[in-house]
Amino acid sequence: MPCRECGTFCVPEQQEFDRVLLSVPSMELLILLEESMRRGGFDFEVNGLSLKHSGADSVTALQFLACQANLSDFQQREIQLLTLRSGEEVTFDVMRGVQSLDKYRRSMGHPEVRKCLENKRIETHFQPVVEIASQQLHGFEALSRGRNETGEIISPTVLFEYARANDAVFFLDRLARETAIRTAAELELPGRIFINFLPNAIYDPRQCLRTTLEIADEANFDPSRIVFEVTETERIEDMDHLGRIFDYYRHNGFKVALDDVGSGYAGLNTLIDLSPDIIKVDREIIIDIDRNPLKQSIFRGLATAAREQGIEVVAEGIETKEEFAFVAKNGATLAQGFLFAKPMRNPPTNLMWPNPS
């Protein structure tokens, strides 16, 4: 597991057990488990709503249930799993390691991702953010990518799914932030640098900010240029906690941005509760906005509310001149998307400006 202090990362080998205990919430699901185990040819014991399998093929049996048994994702999330080594007693400390069968399934694969994290093969690609009124470059969003041993890209979705399954989100969030700052400094990129963070990965904003400032100082990078951008790939578990993070960053002179507004979990309630300095309107709202009256109304409403509160509006995911023309005339102050440039390891600083009219 990753260490929050030294930032190292390791995942225990999954071959280190020879007993499997499975606990289920209902008799119906227990019957499905029994049928699956019999179909796979595995011996097991049943005690109440628990199923136990022991033996040298315990890993194989568990992999069978996770990947080949006829169980839905929801059912696998309902099944609680505990793996034990030979002679190991079921104690409180051991029980803290209980996870769902679904979580085991998501963590058992992707050996290339584990090696990527172990060797810190993370790189940052940057996508320009432009100022509409001045037609100037405003800054860049830092986007993390991984590399496998053959040099192929590992998408951020795969990276963070694996990190969540292995309790390594804190490690990956910190590594991505560190890589973004160091790379931006090396490339001497101008303007603001938008750095994503996952709210559920920030246990202590003081510690996060301290390490960020240390990295910036080592890289000779002006930290006041950093915009902390919260990305909601999963529901925020504690809105009060995120509010405290925002308040702490702002108190220390940083700008904070809310990503994906208008789609997913970043709805109006989140906007109201957090009152960020910047909002980024999601691509799902922007796509074909020039031809969709409902999207137009939603965008105008967001832009009007933001303007009245002094919040900057970024229209992200712009791919066509028509989309750009609409957002430019209806309240966007900043823009981002393939129309200007794709994310790149060494992004352009001189952009061809599209005519929005």
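Compute the helix-to-body angle for 239-251: its Cα long axis versus the longest principal axis of the chain, expressed 0 to 90° and rounded to tens. The helix 239-251 is inclined about 40 degrees to the chain. The slack in the chain from residue 204 to residue 43, taken as 0.36 nm per residue of separation less the alpha-carbon distance, amounts to 53.3 nm. A simple spin-label model places the labels of residue 50 and residue 213 5.0 nm from each other, with each point 7 Å out along Cα-to-Cβ. What's the whole-number percent of alpha carbon pairs in segment 64-176 lying beyond 23 angstrom? Counting pairs separated by more than 23 Å, the tail of P(r) holds 50 percent.
Within the listed set 72, 54, 275, the residue fluctuating most in the Gaussian network model of the chain (springs between alpha-carbon atoms under 10 angstrom) is 72.
Extent along the principal axes, Cα only, for segment 136-209: 41, 37, 19 Å, with the longest axis given first. Ligands, DNA and RNA left out, the accessible area of the chain computed with a 1.4 Å probe is 47% carbon and sulfur.
Got a sec? Charge dipole of the chain, +1 on Cβ for Lys and Arg, -1 for Asp and Glu; which of 80, 151, 99 is way out at the positive end? The Cα lying farthest towards the positive end belongs to 151.
Partner lysines whose Cα lies under 24 Å from the Cα of residue 321, excluding those fewer than 8 positions away in the same chain, are identified as 280, 295, 329, 342.
With respect to the chain, whose longest principal axis is taken over its alpha-carbon atoms, helix 156-165 is tilted by about 40°. With loop defined by DSSP as not H, G, I, E or B, and exposure as at most 14 other Cβ atoms within 10 Å, which is the longest segment of the chain clear of exposed chymotrypsin sites (Phe, Trp or Tyr not before Pro)? In the chain, the maximal stretch lacking such sites is 1-202.
How large is the accessible surface per residue of the chain, computed with a 1.4 Å probe and reported in Å² as a whole number? Normalised by residue count, the accessible surface of the chain is 49 Å². Modelled spin labels at residue 93 and residue 351, positioned 7 Å past Cα toward Cβ, are 5.4 nm from each other. Taking max minus min of the alpha-carbon positions on each principal axis, the chain gives extents of 71, 48, 40 Å, largest first. Set the Cα radius of gyration of segment 99-154 against 2.2 N^0.38 Å, with N its number of residues, and you get 1.71. The calculated FRET efficiency for residue 161 paired with residue 247, based on their beta-carbon distance and R0 = 45 Å, is about 0.90.
The values are calculated or read from the model by the stated rules, or taken from the named source; none is laboratory data. Worth saying up front: this structure is predicted, and the values here are computed from it rather than measured. Cβ sites come from the backbone with ideal geometry, for glycine too, and all protein chains shown count toward neighbours. Please note that ligands, DNA and RNA were not included when accessible areas were found on the heavy atoms of the full protein model with its side chains. Shrake-Rupley method; radii C 1.70, N 1.55, O 1.52, S 1.80 Å.
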